[in-house]
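This report concerns only the one structure given below.
The values are calculated or read from the model by the stated rules, or taken from the named source; none is laboratory data. Predicted, not measured: the structure shown is a model, and the values here were computed from it. Cβ atoms come from the backbone with ideal geometry, glycine included; neighbour counts cover every protein chain shown. Please note that ligands, DNA and RNA were not included when accessible areas were found on the heavy atoms of the full protein model with its side chains. Shrake-Rupley method; radii C 1.70, N 1.55, O 1.52, S 1.80 Å.
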Amino acid sequence: MTKISIPIGPQHPLLKEPLSMKVDISGERVLGGSLRLGYVHRGIERLAQKRNYVQNVHLIERICGICSHIHTTTYCHGVESLLKVEVPMRAYYLRALMCELERIHSHLLWLGILAKHVGLDTIFMHVWHDRELALDIMEEITGGRVLHGANQIGGVRFELDEAQVAMIRAGVEKLHTQVEGVLDVIENEPALIARTRGVAPVSADMIKKYCVVGPIARASGVDVDMRRDNPIPPYDQMEFSVVTLPDGDALARTLVRVYETRESILLCERILRDIPDGPVSTRVPRKVPAGEVIVRSEAPRGELFYYLRSDGTDKPARLKIRTPTLAALCLLPEQMSAIQVADIPVVLAGVDLCVACADR
Amino acid sequence: MIEGLFYLLLFPGLVFQVVCGLAYEWLDRKLLALFQRRVGPPWYQPLVDMIKLFSKEDLLPEGVNERIAGLLPLLSLSSVLTAGLYVPIAGFSLYAFEGDLIVISFLMSIPTLAYYMAGILSKGIYSLLGGGRSLLQYFSYEVPFLISLIGPAVMAGSWSVEGIMTSQYLLGPFILYQPLGFILAFVGLIGKLKRDPLDIPSASSEVVGGSLTEYTGSKLALWHLVMNMQAVVGIFLLINLYLGRSGMSNPIIAIIIFIVECMVIMGMLSATSAVFARLRIDQLAGVGWRILVPLALAQLAFVILMGV
């Protein structure tokens, strides 16, 4: 059979964000692939150096449309560490609540996309319907579904009242039943299992070689989770389990994310139970003392890394962001061999690309 | 002459089949929406989609033979229309003759071959992939489908759909004797129509639009129409061969029963679309040749032995 090269992207029904892949195929077999990135590069790291720390919160929120909150949380935590201010515990808990809601909505969104790619539109529709619950909660408490504007340096910009807590409790409980139902379907749907089991397995060695993080690493049995390994408060006081599976194939990547969603729902309930009273923010100076800091946090897709250097002015001297998708992208060409054309969507979905994060 | 034109253009010819095809598409989309907690389109949506497509500019890639590319959907349309003339509707049959089952099954496979040709002709990479896949899929579902059509014919001792129906009039619906054959014919029909669990040749996440990626405007509209009308003819054929005609001599009751049977099959088709994930082409070939064909042969052997 002759070798032909099919373009996937920058515009393709498979992709929700622009990314270009050239995949060499022969018949239905995939021989290899190469990547081209940079379609949504906005120069955010450079822009951040031109704006002051307060403005940067809003700039950084716009890095990603799915995990916008974890970006600002990580950034604010970095600036707060440089300032050495005491952030109220209640603010940390509220941030964590938003982080977990974000993880739930990110994982459900991803699950819907995977289901759509393997032709299970029913799961796609149902899961995205359930995801609305998480979005509704976020809208109720912060006013935004995608961009929340929830964080500020020194705390958060929203407070919960009794009615809102009741609404979140009810919403989270409903999410719990829905996710259990979805899990039941995924564990038992024979066609879905046939499409994902054994597809593009990634070994733990490969994960370590490419420094892949997050659910993909955990699906290959690599036990990393920044919430536990390098916790930002309040995760150092919380009880939760890190889900790992040994197989490393597309099915394991699917199941890890759904189990994590369930774990996040439990975490939301615990946060609501344990949240202390008190103020939600504290006043901070505009200028940040000279110094540098590294912050690592667990975004829905894995470890998010921020390096922040201050020269004593009100603008950062350098802000470096490394998103979890970048490592996963490097793994992608490796996975594009010994699979079939029909597996390309499954492999691409399994990576859970966030191109906007990776390009910044 | 005028009578012939009426049959050809109005009922059971062009207009009736187009209306049925559009109704099928709407019902399918509406049912699927109900399964998926959506609202679904209003009843006129397929019609306005078609009008819109016909009003669009008709473009083809450079170097594609426009005459052949335009001829392929027309060829499929005419073969499906002709097949529709021979399939009895609610027990009403115009041009029945001994052997029309073979003619119908032949005419019904022309659109698939034309679809393959369209993919090869279009010169696009995705079209090429989609075309190749449609042929592979054809080899997987067509054999069990045809064997499961032979079952009723052997049982009735007749190669005409009308003869099979008359035989069911006496013996009762063949689905009671050959439930397996009915299921296989149903699966084959899904494969033929490239519907959801078996939409391998046109899976958007894998091959964008399949063979029809490069088609636009009126030609694309014709292709969609062909698919819908093929579905209608397939459903009618399935009902005639397996569900038969109950002992009703009143034509109105017969029509009502026929419509109910159509709805039941529609519901089954939509439910199958909603519940199952798409198979890979190698998995389909495996299922087709390792499971469906032996099952179909076993069913056929059972029918032949029962007749002896």
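Rundown of residues vs (1) open to solvent by 40 Å² or more (accessible area, probe 1.4 Å); (2) touching a strand residue (DSSP E or B) at 6+ places or on another chain (Cβ under 6 Å); (3) more than 14 Å from every other protein chain (Cβ to nearest Cβ); (4) not small (Gly, Ala, Ser), yes/no style:
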| site | (1), (2), (3), (4) |
| --- | --- |
| B:Leu212 | no, no, no, yes |
| B:Leu225 | no, no, yes, yes |
| B:Met229 | no, no, yes, yes |
| B:Val232 | no, no, yes, yes |
| B:Leu237 | no, no, yes, yes |
| B:Ile252 | yes, no, yes, yes |
| B:Ile257 | yes, no, yes, yes |
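For the stretch A:319-326, the condition holds for no residue, the condition being that it is within 14 Å of chain B (Cβ to nearest Cβ) and surrounded by fewer than 22 Cβ atoms within 10 Å (Cβ to Cβ). Candidates B:Gly119, B:Gly132: the one that is within 14 Å of chain A (Cβ to nearest Cβ), open to solvent by less than 40 Å² (accessible area, probe 1.4 Å) and without any contact (Cβ under 8 Å) to a residue 24 or more places away in the chain is B:Gly132.
For the stretch B:216-229, the criterion of being assigned to a helix (DSSP H, G or I), closer than 21 Å to B:Ser93 by Cα and among the aliphatic types (A, V, I, L, M) is met by at least one residue.
Applying the criterion of being within 14 Å of another protein chain (Cβ to nearest Cβ) and among the hydrophobic types (A, V, I, L, M, F, W, C) to the residues of the stretch A:117-165, the residue that is nearest to A:Pro233 (Cα to Cα) is A:Leu133. For A:Thr282, the requirement of being polar (S, T, N, Q) and open to solvent by 10 Å² or more (accessible area, probe 1.4 Å) is met. Test A:Ala250 against the stated conditions and say whether it is within 19 Å of the chain's Cα centre (by Cα) and farther than 22 Å from A:His69 by Cα. Yes. Can you spot a residue in the stretch A:172-185 that is open to solvent by 10 Å² or more (accessible area, probe 1.4 Å), within 14 Å of chain B (Cβ to nearest Cβ) and within 30 Å of A:Tyr306 (Cα to Cα)? No, the stretch A:172-185 has no match at all. Which of the residues spanning the stretch A:28-42 are of a type outside the set (Val, Ile, Thr) and closer than 30 Å to B:Leu136 by Cβ? Residues satisfying the conditions are A:Glu28, A:Arg29, A:Leu31, A:Gly32, A:Gly33, A:Ser34, A:Leu35. A residue that is closer than 15 Å to A:Tyr75 by Cβ, open to solvent by 30 Å² or more (accessible area, probe 1.4 Å) and under 16 Å from the mean Cα position of the chain (by Cα) cannot be found anywhere in the stretch A:260-275. Checked against (1) open to solvent by less than 40 Å² (accessible area, probe 1.4 Å); (2) in a loop (DSSP other than H, G, I, E, B); (3) in contact with a strand residue (DSSP E or B) (Cβ under 9 Å, 6 or more places away or on another chain), A:Val242 passes all but a single condition, namely (3).
Scanning the stretch A:112-136 for residues that are open to solvent by 10 Å² or more (accessible area, probe 1.4 Å) and among the hydrophobic types (A, V, I, L, M, F, W, C) turns up A:Ile113, A:Ile123, A:Phe124, A:Met125, A:Trp128, A:Leu133.
Residue under question is B:Leu170, and the condition is that it be touching a helix residue (DSSP H, G or I) at 6+ places or on another chain (Cβ under 7 Å) and either part of a helix (DSSP H, G or I) or open to solvent by 50 Å² or more (accessible area, probe 1.4 Å) (or both); does it hold? No, not satisfied.
Would you confirm, using the coordinates I've provided, whether A:Ala299 is more than 20 Å from A:Pro10 (Cα to Cα), of a type in the set (A, V, I, L, M, F, W, C) and crowded, with 24+ Cβ neighbours inside 10 Å? Yes; evaluated as a whole, the condition is true for this residue.
When you scan the stretch A:313-360, how many residues do you find that are assigned to a helix (DSSP H, G or I), of a type outside the set (A, V, I, L, M) and within 16 Å of the chain's Cα centre (by Cα)?
Let us first name the residues in the stretch A:313-360 that are assigned to a helix (DSSP H, G or I), namely A:324-335, A:341-351, A:355-359.
Those left that are additionally of a type outside the set (A, V, I, L, M): A:324-325, A:330, A:333-335, A:343, A:345, A:350, A:357, A:359.
Filter once more, keeping what is within 16 Å of the chain's Cα centre (by Cα): A:324-325, A:350, A:357, A:359.
The qualifying residues number 5.
Quick check: is even one residue across the stretch A:10-18 outside the structural domain of A:Glu334 (by TED's automatic domain parsing), open to solvent by less than 30 Å² (accessible area, probe 1.4 Å) and among the aliphatic types (A, V, I, L, M)? Yes, some residue in the stretch A:10-18 is outside the structural domain of A:Glu334 (by TED's automatic domain parsing), open to solvent by less than 30 Å² (accessible area, probe 1.4 Å) and among the aliphatic types (A, V, I, L, M). Taken over the stretch B:18-37, the criterion of being open to solvent by 90 Å² or more (accessible area, probe 1.4 Å) and part of a loop (DSSP other than H, G, I, E, B) is satisfied by B:Arg37 alone. When you check A:Glu45 against the structure, is it acidic (Asp, Glu) and closer than 30 Å to B:Ser134 by Cβ, yes or no? In short, no. Those helices (runs of 4 or more DSSP H) of the stretch A:128-222 in which 2 or more residues are within 19 Å of A:Thr244 (Cβ to Cβ) and not hydroxyl-bearing (Ser, Thr, Tyr) occupy A:162-188, A:204-209, A:215-219.
Among the numbered conditions (1) touching a strand residue (DSSP E or B) at 6+ places or on another chain (Cβ under 9 Å); (2) modelled with pLDDT of 85 or more, the only one that B:Ile125 does not meet is (2).
Against the numbered list (1) at positive phi; (2) open to solvent by less than 50 Å² (accessible area, probe 1.4 Å); (3) within 14 Å of another protein chain (Cβ to nearest Cβ), A:Asp352 comes up short only at (3). Of everything in the stretch B:40-56 that is in a loop (DSSP other than H, G, I, E, B) and touching a helix residue (DSSP H, G or I) at 6+ places or on another chain (Cβ under 6 Å), the residue that is farthest from the other protein chains (Cβ to nearest Cβ) is B:Trp43.
Which of the residues belonging to the stretch B:205-227 are modelled with pLDDT of 85 or more and on the phi > 0 side of the Ramachandran plot? If the condition is that a residue be modelled with pLDDT of 85 or more and on the phi > 0 side of the Ramachandran plot, then B:Gly217 is the only one that fits. Applying the set (1) within 11 Å of chain A (Cβ to nearest Cβ); (2) polar (S, T, N, Q); (3) open to solvent by 40 Å² or more (accessible area, probe 1.4 Å) to B:Ser270 leaves exactly one unmet item: (3).
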